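Here the structure comes first, spelled out in structure tokens, and everything after it is commentary.
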Amino acid sequence: MINLIRAEWLKLSRRPLSWILLILFLVLLVAQILTQFALTLGMPVRSGIVSAQFEEWRRGVLFPGIFATALSHVNGLGGIFAVIFAAGAIGSEYSWGTLRTQLARDPARDRYLLAKLTTIMLMLATATLLATLLAALLSAVLSPILGSAISITPGDLMNLIVATLRALYVLLPYVLLTAYATLLTRSVLGGVAIGLSYIIVETGFGALALLRVLGGVWALVYNLTIGQNINTLTLMNRHAFGLRPETTAPLDLSQLPSPLQATIVVAVYSAFFLAFALILFRRRDITGPG
Amino acid sequence: METTIRTEELTKRFGDRVAVDRINLEVRSGEIFGFLGPNGAGKTTTIGMLLGLVRPTSGRAFVLGYDIQKETAAALREVGAMIEAPAFYPYLSGRDNLRVLARAAGLPDRRVDEVLEQVDLSGRARDRFGAYSQGMKQRLGIAAALLHHPRLIMLDEPTNGLDPAGQLEIRNLVRSLAGSGRTVFLCSHLLHEVEQICQRVAILKQGRIIAQGEVATLVRRGVLVRTIGERERAEALLRATPWISSVSDHGGAFLIDAPGDRTADINALLTAGGVPVAEIRKYESSLEEFFLEVTTERERR
């Protein structure tokens, strides 16, 4: 397994797509932080929710709130990048015909797929760490301009470790759904289309949120969707670093699933997607490219 | 002799289409075995089944004594294969592509350099695979097949895209691999190439093996005689001659299984028997002729 992960790492770390996605992801993070900084630099004296929003942006640029900003970026735009990255890593093996080259040597398909998924998650973890580091560096430069001292407590660092793991856990079901979709369609585009469609339907249009309005069983169904449970986990990350998005957005905390439920529901979805992917991959004939 | 590949009624169906139909193959250890057939005959599907990539619908396959469906990993540890066009990551160099395979197999990078040297690709090893010529891609495919010291090597069209010098080099490499005790299973549509290097062949058509045996027995040798009429009398005379072991029809002429240096005796025999001879000569068919003969024969039926 370690050998396979090393081989996958070599492949993915040399792939131009990996670097393009990483650079784009980091550039967008920098753009987001600089925008927040610019908005708070000449923060006008306002009252009510507008003031709260400006204060929230300011906290998001300073320590330790900057960690929440970085991890929020990972679970926001990062989810889209993760879907493209995972679909590319799996689907290209079909289009280039390299899957056959690999499996003609080592037929352990479960091990191969698990090694690939592990490597994808390790790379996403690396990207998350880089994003956090870059955000911290940027905050260290911007904090004095905003008249704030740089202060990180051991507790913040402990929170950072837990929050980073939580952020990666949030990405897991989307990566596994994309892996399954890519194997099903045997193509990068198929994986990207299904992975992104799910994210868009769930978050972009808020289509599933309509279920909550219907109440009863529908509200229960909504509370069991990936997005709703992930909201709990991402909110925990923000709270861990002193941000309070509920003060600036119409967010009813009482409607969110509990952290325990969120953790279990995400695990169940992930287990299902992984099982489907493994069963499909095990049964499929591996034919030529395309 | 030990058997390296054996199939028993191996069959693969894709929906209603039968890609491989109850084939029984036998490849012996240390030989170069040619697997021939027109495009779409089922060669690659058969290789896919022998490598555990494609699940047979029925039948069994044994590779190096292992049941390929039950002991795939054990079998593939000793098999190197290049299937159809060599497939590698276009953005990686030739060397890095092999390093990926070597890492997965737990082999040191030193082995990568050895096989690159063996296929004469060391000079371009650091170039991107996507920038390789077809010939270089073929060489890299062969290098990948040799990486883990396999006992059985399956090569699908290994000389595709190579110039004549490159083809000769690969033929020599294949010969040397077999000379070192390895078995080579060679898929090719270049029949003269197969004839030159293979000991035995199987010909596949529409998923079925229509001929299998030693090249020497499939390639027909003898004396070709064309008479002017008097066919029945000529045949009776030839069949009655003790040193002629067989007489068969060959496009309106007789193909006689007799030593090539007895053409004068055959001529004398027929003219003495009152049969005018239009043509008499030594005959040696190529594998290509045999291939065309058996494949078109089936079509006529």
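Points to keep in mind about this one:
- Across region A:110-123, computed HN-Hα scalar couplings (Karplus, 6.51 cos²θ - 1.76 cosθ + 1.60, θ = phi - 60°) run 4, 5, 4, 5, 5, 5, 5, 5, 4, 5, 4, 5, 5, 5 Hz from first to last residue, x flagging Gly and Pro.
- For B:Ala211, nonlocal amide neighbours, meaning residues 5 or more places apart or on other chains whose placed amide H falls under 5 Å from its own, are B:Ile203.
- Computed log₁₀ I(q)/I(0) - Debye formula, equal Cα scatterers, no solvent, the protein assembly as shown, q 0.08 Å⁻¹: -0.71
- Most mobile of B:Arg226, B:Arg95, B:Arg208 in a GNM of chain B (Cα contacts under 10 Å): B:Arg226
- Relative contact order (percent, whole number), chain A, Cα cutoff 8 Å, 6+ residue spacing: 27 percent
- A protection proxy built from the mean count of other Cβ atoms within 10 Å ranks the segments A:29-37, B:146-154, most packed first, as B:146-154, A:29-37.
- Residues whose amide H lies under 5 Å from that of B:Met82, counting only those 5 or more places away or on a different chain, are B:Met154, B:Leu155, B:Asp156; hydrogens are built 1.01 Å from N in the peptide plane.
- Under 27 Å from the Cα of B:Lys43 - lysines, other chains or at least 8 residues apart: B:Lys12, B:Lys70, B:Lys137, B:Lys205
- Listing A:Ile226, A:Ile279, B:Ile280 from fewest to most neighbouring C-beta atoms within 10 Å gives A:Ile279, B:Ile280, A:Ile226.
- Across region B:29-92, the mean sequence separation of Cα contacts (distance under 8 Å, 6 or more residues apart), normalised by length, yields a relative contact order of 20 percent.
- Hz values of 3J(HN,Hα) by residue in region A:131-144 - Karplus curve (6.51, -1.76, 1.60), Gly and Pro given as x: 5, 5, 5, 4, 5, 5, 4, 5, 5, 4, 7, 7, 4, x
- Kirkwood hydrodynamic radius (C-alpha pairs) into Stokes-Einstein, chain B, 25 °C and 0.890 mPa s, D in µm²/s: 114 µm²/s
- Volume in Å³ per residue [convex hull over Cα atoms, computed for region A:2-283]: 137 Å³
- Partner aspartates and glutamates whose Cα lies under 18 Å from the Cα of A:Lys11, excluding those fewer than 8 positions away in the same chain, are identified as A:Glu93, A:Asp106, B:Asp96, B:Asp109, B:Asp127.
- Fluctuation leader among A:Asp106, A:Asp156, A:Asp252 - chain A, Gaussian network, Cα springs under 10 angstrom: A:Asp252
- Under 5 Å from the amide H of B:Thr4 lie the amide H atoms of B:Val27, B:Arg28, B:Ser29, each residue being 5 or more positions distant or on a separate chain, with H modelled from the backbone and absent for Pro and chain starts.
- Considering only A:Ile66, A:Ile230, A:Ile161, the mean-square fluctuation computed in a Gaussian network model of chain A, springs between alpha carbons under 10 angstrom, is largest for A:Ile161.
- When only Cα pairs below 8 angstrom with a gap of at least 6 residues are kept, chain B shows a relative contact order of 19 percent.
- Applied to region A:175-186, the Karplus parametrisation 6.51 cos²θ - 1.76 cosθ + 1.60 on θ = phi - 60° returns per-residue 3J(HN,Hα) values of 5, 6, 4, 5, 4, 4, 5, 5, 5, 5, 8, 6 Hz, with x for Gly and Pro.
- Rounded to the nearest 500, the 222 nm mean residue ellipticity of the protein assembly as shown from helices alone is -18000 deg cm²/dmol, with -39,500 (n - 2.57) taken per DSSP H run of at least 4 residues.
- Scattering curve values for region A:98-157, log₁₀ I(q)/I(0), Debye with Cα scatterers, q = 0.25, 0.26 Å⁻¹: -1.01, -1.04
- Exercise: per-residue mean of other protein chain Cβ atoms within 10 Å, B:88-97: 4
Read the figures in this text as sums done on the coordinates, not as results from a lab. As the structure is a computational prediction, the values presented were derived from the model and not from experiment. A quick note on method: Cβ atoms are made from the backbone with ideal geometry, for glycine too, and the neighbour counts reach across all protein chains shown.
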